[in-house]
Amino acid sequence: MARVTEPSRYGDGVAVVVVTYFPGEDLDRFLDSLEKATTRDVHVVVADNDSTDDALDRAEKRTYTHVLRIGENLGYGGGANRGVAALDDRYGWVVIANPDLEWEPGSLDTLLEAARRWPRGGAFGPLIRDPDGTVYPSARLLPSLGRGVGHAVFGKIWPANPWTRAYRQEHAAPSERTSGWLSGSCQLIRREAWDSVGGFDTRYFMYFEDVDLGDRIGRAGWLNVYVPSAAVTHIGGKATSRAPKKMLAAHHESAYRYLADRHQGLAWKPVLAAVKLGLKLRLKFETRGK
């Protein structure tokens, strides 16, 4: 259990770690909108997974931005870990985000205000809208074996199945509340909470790194808090569109890893074998003709 009442060794500074991979103009829009999201001075680390486009050169021209050229593709979690490690102790609050986001004015300040209301809060997630204005279900229950298998196997071919509806919490009222986990596309994280779990598990190259992080934050005694009074728009889809079959395979691999990590021992092997088969069949179904 985290000792959340101890004084922080960190300052009250705010940093943003944005993980990039050929971000293009998305990064420009992200940084432009971030300037209107807070009245505070914010330090930005662009943790880049070996891009070669000129968006990084443009970002470096902004005085508050540091481009960390990692030199290899570590995935989202690995890139975020590198970005946070580049921060000094002045920064007690870290936003970890995708570059294909647009911040609503004042939204980062709203997240910081919520953090003061939740002293045990370790991670804070805004309301996330799709480009058409639809609210994305970004604060969800943790995937138990039943919910996880039902959603993973039937989510695409039977979207209204009860496991997916329960897991995604789509019909929950958009009120400030705790959650099992928060979308990794945008989170404000208390630095002590981050340290208590060691950041992202880098075995998750893409997908489920945020589910795993939320679970471990909760196990360490912190709370994952959904703050819908703060909002961002997530354009999404560019990394997936580069190699959709590869990205789907990575998603299914990460889903299996998450469940296997939490259901160890001989008794679970037959169940996990069935899960693996179900995910394999779903991948085959989804990638027909791709």
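The values are calculated or read from the model by the stated rules, or taken from the named source; none is laboratory data. The structure presented is a predicted model; accordingly, all values stated were derived computationally and were not measured. A quick note on method: Cβ atoms are made from the backbone with ideal geometry, for glycine too, and the neighbour counts reach across all protein chains shown. Note: areas computed on protein heavy atoms with side chains; ligands, DNA, RNA excluded. Shrake-Rupley method; radii C 1.70, N 1.55, O 1.52, S 1.80 Å.
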As straight-line cross-link partners of Lys245, the qualifying aspartates and glutamates (C-alpha separation under 16 Å, not fewer than 8 residues apart within one chain) are Glu253, Glu286
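May I ask you to give the solvent-accessible area per residue for the range 12-61, in square angstrom, as obtained with a 1.4 angstrom probe? Could you put the intermediate results ahead of the total?
Numbers: 2120 Å² over 50 residues.
For the range 12-61, the per-residue accessible area is 42 Å².
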Rounded to the nearest 10 Å², the accessible area of Thr65 using a 1.4 Å probe with every protein chain kept is 20 Å²
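Please work out how much length the chain gains when fully extended from Arg90 to Thr134, using 0.36 nm per residue of separation minus the C-alpha to C-alpha distance, in nm with one decimal. Mind dumping the intermediate values first?
Values: separation 44, 0.36 × 44 = 15.84 nm, distance 3.67 nm.
That works out to 12.2 nm of additional length.
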Of the convex hull drawn through the C-alpha atoms of the range 184-270, the volume per residue in Å³ is 126 Å³
What the 5 Å binned alpha carbon P(r) of the range 40-88 shows, as percent of pairs per bin from 0, is 5, 22, 30, 24, 16, 3, 0
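R0 = 30 Å: FRET efficiency of Leu141 with Ser8, Cβ-based, nearest 0.05? Before the final figure, lay out each step's value.
Numbers: r = 30 Å, r/R0 = 0.98.
Computed FRET efficiency for Leu141 and Ser8 comes out at 0.50.
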So, with points 7 Å from each Cα along the Cβ direction, the Asp195-Asp57 label distance in nm works out to 3.9 nm
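Can you figure out the FRET efficiency of Ala274 with Glu72, using R₀ = 45 Å and their beta-carbon distance, to the nearest 0.05?
Working: r = 36 Å, r/R0 = 0.79.
It comes to 0.80.
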Both in Å, the radius of gyration and Dmax of the C-alpha trace of the range 39-125 are 14.1, 42
Carbon plus sulfur, as percent of the 1.4 Å-probe accessible area of the range 69-133, comes to 46 percent
Note, Tyr258: beta-carbon cut-off 9 Å, +1 each Lys/Arg, -1 each Asp/Glu, net -1
